[in-house]
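The block underneath contains the structure these notes are about, expressed in structure tokens.
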Amino acid sequence: MKESEIIELATQCGYECERAIALKLEASGREYWRLIYNSNHLVLCFLDKSNGNHLEFCNLAEMLSSYNVNVPKVLLHNPELGITIQEDLGDDDLLEILNESNKTELTHKSLELLIQIQEIPNLDVQNLSADELLDQISLFSEVFCKEFLEIEADKSILELSAATIKNLSDHPKLNCHFDFERRNLIASKANVISVIDFQDLCIGPIGIDLAGILLDHYLIFDESFVKDSLAFYKTKSAVDLNADELFECFRWGGIQRNMRILGTLSRLYMNNKRSFRLNDLPMILDNLINILPNNWSCKNYMLDTIKPRLTEKLASL
């Protein structure tokens, strides 16, 4: 949308502002804008009604806050206009501010926040079924490979998909943010972490959110750091898993997550001409390859066929 259109939407809801500054566009189609008026800042989120609504986000914001999870306060929800107006938590998401000097501290605080979310009792949210997990992982072969790269996923990819679902079905199921990554975690000046974009919260395998924060789309997989972080998580969580079991939960959650996201971002480009995440694809693929068990034949297929084809495809765009 244009700035003038956002200002008009805000005005209709009683929030007259001087400026509206675009913050980010999400794969879901949500647009985030900062409203500026009299030196005050708020955030407006717009989602076209044909693509969904904000009702689940608003309900979850209230519920999470009641359990002392740091989330933005929703000041207004107008379903007819497709907007919410929220508290502005600032620009210091962990994607921007995490570095080598604060990496461990901020990751530990993020894991503590994740545990808070995981341990909320009796949440009335969707349970991710094995069929839904398989539909999501199938985006890798059907969209990323076949439609975007124009190659057929071989038998080893289908075997990997089946093994991933089998492993995830055996893992603990907990409250799952479903996109618990650095861009959705915002730090205050005192390094208190708040979480945003939690509208897809569900019950799902423990490894999906662990992979969200530890298998970063912008940093190469660091096995030592991941294992140290999981050891910290184990000291704080009530989950009864040993170190090897916890790493396997992370591994298979990360495989499912990265295969799903490669398909999702490819589809976003092909269907909506949104190229803003295409540059993320090589690192997401590299990290997927890096966490695969070494003896899986699909690892060679990804290295020898899929990765070169992705490089070729991106160079042609």
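The values are calculated or read from the model by the stated rules, or taken from the named source; none is laboratory data. Here the structure is a predicted model, which is why all the values come from computation and not from measurement. Using ideal geometry, Cβ is built from the backbone for each residue, glycine included, and neighbour counts are taken over all protein chains shown. What goes into the accessible areas is simple: the full protein's heavy atoms, side chains included, and nothing from ligands, DNA or RNA. Shrake-Rupley method; radii C 1.70, N 1.55, O 1.52, S 1.80 Å.
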Accessible surface of the chain, 1.4 Å probe, proportion on carbon and sulfur as whole %: 46 percent
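Order these peptides, 291-298, 88-95, by their mean beta-carbon neighbour count within 10 angstrom, highest first.
Numbers: 291-298: 14.4, 88-95: 16.5.
Going by the mean number of other Cβ atoms within 10 Å, highest first, we get 88-95, 291-298.
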Nitroxide proxy distance, nm - points 7 Å out along Cα→Cβ at N102 and L158: 4.8 nm
Degrees, to the nearest 10: 243-272 long Cα axis against longest axis of the chain: 60 degrees
S316 versus N191: modelled label distance in nm, points set 7 Å from Cα along the beta carbon direction: 4.7 nm
Modelled FRET efficiency - R0 25 Å, N68 with D124, Cβ distances, 0.05 increments: 0.85
Acute angle (nearest 10 degrees) that the helix 55-66 long axis makes with the longest principal axis of the chain, alpha-carbon atoms: 90 degrees
Cα-only Debye scattering, segment 126-247: base-10 log of I(q)/I(0) at q = 0.09, 0.15 Å⁻¹: -0.31, -0.86
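Could you do me a favour and compute the accessible area per residue for segment 1-149, 1.4 Å probe, result in Å²? Let's see the in-between values first.
Values: 7620 Å² over 149 residues.
I get 51 Å² per residue for this part.
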Order of exposure, largest accessible area first, which applies to D197, D170 with probe 1.4 Å: D170, D197
Relative contact order (%) - criterion: Cα under 8 Å, at least six apart; region: segment 249-304: 38 percent
For segment 64-154, size of Cβ-based charge dipole, Lys and Arg +1, Asp and Glu -1, in debye: 420 debye
All Cα pairs of segment 1-160, percent lying beyond 22 Å: 60 percent
Percent RCO, i.e. relative contact order, over the chain, from Cα pairs under 8 Å lying at least 6 residues apart: 16 percent
Extreme residue, positive dipole direction of the chain, given options G204, V69, N295 (C-beta unit charges): N295
Environment charge of V43, counting only residues whose C-beta is closer than 9 Å and scoring Lys/Arg +1, Asp/Glu -1: -1
Solvent exposure, largest accessible area first (probe 1.4 Å, DNA, RNA and ligands not counted), of Y233, Y269: Y269, Y233
Segment 1-93: relative contact order in percent, alpha carbon pairs under 8 Å with at least 6 residues between: 21 percent
Listed pairs K146/K299; K103/K236; K73/K236; K166/K299 exceeding 24 Å between Cα atoms: K73/K236
Per-residue [θ]222 nm for the chain (sum of -39500 (n - 2.57) over DSSP H runs n ≥ 4, rounded to 500): -14500 deg cm²/dmol
Extension gain, I21 back to F225 (0.36 nm per residue minus Cα-Cα distance, nm): 69.8 nm
Stretch gain in nm, segment T11-K173, where the contour uses 0.36 nm per residue and the Cα spacing is subtracted: 54.0 nm
Fraction of antiparallel bridges per DSSP, the chain only, in percent to nearest 5: 95 percent
